[in-house]
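Single-structure report; data block below.
The values are calculated or read from the model by the stated rules, or taken from the named source; none is laboratory data. Computed from a predicted model, the values in this text were never measured in an experiment. Backbone-built Cβ (ideal geometry, glycine too); neighbour counts: all protein chains shown.
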Amino acid sequence: MSTPLESWVEESARLTKPAKIVWCDGSEAESERLTADMLRDGTFLELNQKTHPRCYLHRSNPNDVARTEQLTFICTRQKEDAGPTNNWMDPSEAKEKLRPLFDGAMKGRTMYVVPYILGPAKSPYSKIGVEITDSAYVAANMRIMSRMGKPALDRLDNSADFVPGLHSLGDLDPSRRFIMHFPEEKLIWSVGSGYGGNALLGKKCFALRIASWMARDQGWMAEHMLILGLEDPSGKVTYMAAAFPSACGKTNLAMMVSALESQGYRVWTVGDDIAWMHIASDGTLRAINPEAGFFGVAPGTNAKTNPNVMTAANRNTIFTNVAMTHSREPWWEGIDGPPADGLTNWKGEPWTAGSGPAAHPNARYTVPASQSPSLSKHWEDPEGLPISAFIFGGRRAHLAPLVYESRNWQHGVFVGATMASETTAAATGAVGVCRRDPMAMLPFCGYNMGDYFGHWLAMGAKLKNPPKIFHVNWFRKGADGKFLWPGYGENVRVLKWMLDRIEGRAAATETPIGNVPTPSSLTLDGLSISRDTLNELLSVDSSDWLAEDRAVGEFFAKFGSHIPPAVTQEQKALAGRLTRATVSAK
Ligand code: GTP
Ligand code: SPV
Ligand code: MN
């Protein structure tokens, strides 16, 4: 008798017809074999082994450098269950479309069976996935990003309780590329891409799209959030989780070196991209990080912006689509120092000034979490860590102040539901276009987002002390087009204000959108920032916000009856507060 996993592997092999099947155990020896194979066939290029031991460069197909949201589908029986913000396809139609693409797709290739645990090996909240892939690069990345191999098989035993994900590179032609989710069956099919969130199926496909569906059914939360611990001078650590859209600063905030370290404030990393949160028996909300590594944006990373990653990513790291110096060291825009002579760009061509970026703007490093000096010693606590604050944020050149605090949970859910941000290189398509991205989950929610807002409201009602909800914007620009706020390690000043609000110490000014710090309530010692700049950062323009609130109303209308009344009430209440403020200002 074969186990459910063996049956699925056999069935997948009959369809894809691989030359051989390799069950990944996660061992060192296996990793060395995979590396040797990839060095031989050119999937990996060796980086300088003196400066970067066991670091490799992978150059992806130039048409396959980011998530492709237009090719990503939620396949539910009812279209309405996917909601107006997801691409939808009928499940049988999706399978009919993809079966021919998988048919014989692994001929002459190796099929890797990659079992993995999402979450700490011993946590009751962890879940098991198995990815079948014909990409050794995917298997090598999954080894860093999850607890892969034997521990997963041991935990699974003979059970059918795993999320299967079938992946093939196919022919990498974008017209035959599809990332399909079947949340009703807890199944993922992905073909035609080898990149990040399209191909590492434990990440966005399982840990967010499928998991958000499970979480709604089972009363927990799966969110596109970093998890950090802010240590105060007494040594007490307060945990916060923050949702920013892709390439909007989660990894950097989670790994920051605090500008207030001399005052006793430090930041500890628990996770940098995804949080799974459950209500514990004591009524607190407890977060675990389902991942075990960081798949981070390389450009902009340097010893000043993220020294912890610079320390972590110099060994055992896979670099994807970065440039390479003549001495075979990884290089990207914004790394310390100017481009050296003899730089090779991400496509493998000699780079010259004026020939475009040397590294792809969505170039990434895959690094084990355990290598970060900032890693919290509690990051694998099986019960998870208690969350005291949620932070929403995005890239807004205008409008949104540096930080504001929502009035209560319901208003905070509204603040998250109305997030908007300028698009980035993390997904294909135009960059810099402002779009609504509720809770940073627009591309990742596995069901109708109207129902998702309802789930947030329901979760709040079940929490004894729901976390305070804040909104931040590190990206506000002045008239000169430059960022007003220095960001990175200086962001701790904003986290400290939040902590002081949680503990009832810091002052705030009430505005129609929420509570904004009084200039003196922010700890700014050691930072040179003019009073004018600070005022601009904290300003709330009621007439601009009124226009924003109208746009929000139109966005909500798309969800029809799925939008919870409490959320539309908040939208109307905000309009009322803004109208009164604009009238009294005249
Ligand atoms: P994903 O992995 O795509 O989910 O991205 P992320 O949210 O983890 O974003 P990340 O921290 O990798 O940052 C993305 C880009 O924003 C990088 O180029 C950073 O240098 C830049 N960035 C991050 N934090 C700040 C900040 O506080 N200020 C400014 N100006 N830029 C920032
Ligand atoms: C994101 O785009 O939010 C990422 C990178 O974290 S990916 O793994 O491609 O989803
Ligand atoms: Mn992300």
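Descriptive notes on the structure:
- Residues that are near ligand 1 (Cβ under 9 Å from one of its atoms) and of a type in the set (S, T, Y) within the range 217-253 comprise S246, T251, listed in sequence order.
- Restricting the range 194-213 to residues that are within 16 Å of ligand 3 (Cβ to nearest atom) and in a loop (DSSP other than H, G, I, E, B) leaves a set whose member that is surrounded by the fewest Cβ atoms within 10 Å (Cβ to Cβ) is Y195.
- Residue among E131, E185 that alone is crowded, with 24+ Cβ neighbours inside 10 Å, among the charged types (D, E, K, R) and assigned by TED's automatic domain parsing to the domain that holds D90: E131
- Scanning the range 155-169 turns up no residue that is within 19 Å of the chain's Cα centre (by Cα), small (G, A, S) and within 16 Å of ligand 2 (Cβ to nearest atom).
- Hits in the range 130-154 (condition: acidic (D, E) and over 23 Å from the mean Cα position of the chain (by Cα)): D134, D154
- W268 surrounded by fewer than 23 Cβ atoms within 10 Å (Cβ to Cβ) and either touching a residue at least 40 places away in the same chain (Cβ under 8 Å) or among the basic types (K, R) (or both): yes
- Which numbered condition V583 misses (of (1) over 30 Å from L230 (Cα atoms); (2) among the β-branched types (V, I, T); (3) touching a residue at least 12 places away in the same chain (Cβ under 8 Å)): (3)
- Note on the range 240-254: among residues that are part of a strand (DSSP E or B) and over 11 Å from the mean Cα position of the chain (by Cα), the one that is nearest to ligand 3 (Cβ to nearest atom) is A241.
- Residues that are over 23 Å from N515 (Cβ atoms), surrounded by fewer than 21 Cβ atoms within 10 Å (Cβ to Cβ) and in contact (Cβ under 8 Å) with a residue 12 or more places away in the chain within the range 562-577 comprise just one, H562.
- Spans of strands (runs of 3 or more DSSP E) in the range 63-174 with at least 1 residues without any contact (Cβ under 8 Å) to a residue 40 or more places away in the chain and in contact with a Lys or Arg (Cβ under 8 Å, 6 or more places away or on another chain): 110-118, 127-133
- Sole exception among (1) part of a loop (DSSP other than H, G, I, E, B); (2) surrounded by fewer than 18 Cβ atoms within 10 Å (Cβ to Cβ) for N535, by number: (1)
- Residue list for the range 346-366, filter: buried (at least 17 other Cβ atoms within 10 Å of the Cβ) and more than 26 Å from the chain's Cα centre (by Cα): W351
- L230 being away from ligand 2 (no atom under 16 Å from the Cβ), modelled with pLDDT of 95 or more and among the aliphatic types (A, V, I, L, M): yes
- Note on the range 289-340: residues that are part of a loop (DSSP other than H, G, I, E, B), farther than 20 Å from G249 by Cβ and hydrophobic (A, V, I, L, M, F, W, C) total 2.
- The range 485-499, residues that are more than 10 Å from ligand 1 (Cβ to nearest atom) and within 21 Å of P245 (Cβ to Cβ): L495, M498
- Residues in the range 409-440 that are within 14 Å of ligand 2 (Cβ to nearest atom) and small (G, A, S): S421, A425, A426, A427, G429, A440.
- Which numbered condition L47 fails, given (1) outside the structural domain of S193 (by TED's automatic domain parsing); (2) without any contact (Cβ under 8 Å) to a residue 60 or more places away in the chain; (3) touching a Cys at 6+ places or on another chain (Cβ under 8 Å): (2)
- Complete set of residues in the range 538-561 that are buried (at least 20 other Cβ atoms within 10 Å of the Cβ) and part of a loop (DSSP other than H, G, I, E, B): F559
- Qualifying residues in the range 352-398 (those that are in a strand (DSSP E or B) and of a type outside the set (A, V, I, L, M, F, W, C)) - the one farthest from N141 (Cα to Cα): S388
- Test: residue in the range 85-95 that is polar (S, T, N, Q), touching a Phe, Trp or Tyr at 6+ places or on another chain (Cβ under 9 Å), in the same structural domain as E184 (by TED's automatic domain parsing) and surrounded by fewer than 20 Cβ atoms within 10 Å (Cβ to Cβ): yes
- Restricting attention to the range 283-295, the residues that are farther than 20 Å from R266 by Cβ and buried (at least 18 other Cβ atoms within 10 Å of the Cβ) add up to 9.
- Residues that are farther than 20 Å from P466 by Cα and of a type in the set (S, T, N, Q), drawn from the range 230-287: S234, S246, T251, N252, S258, S262, Q263, T269
- Selection within the range 195-209 - over 17 Å from M225 (Cβ atoms) and more than 12 Å from the chain's Cα centre (by Cα): Y195, N198, A199, L200, L201
- Being away from ligand 3 (no atom under 16 Å from the Cβ) and assigned by TED's automatic domain parsing to the domain that holds F444 is a property that holds for W268.
- Matching entry among A105, A139 (being closer than 28 Å to V270 by Cα and among the hydrophobic types (A, V, I, L, M, F, W, C)): A139
- Options E6, E32, E28; residue that is over 27 Å from the mean Cα position of the chain (by Cα), surrounded by fewer than 21 Cβ atoms within 10 Å (Cβ to Cβ) and within 23 Å of L187 (Cβ to Cβ): E6
- Conditions (1) within 16 Å of ligand 3 (Cβ to nearest atom); (2) surrounded by fewer than 24 Cβ atoms within 10 Å (Cβ to Cβ): number failed by H326: (1)
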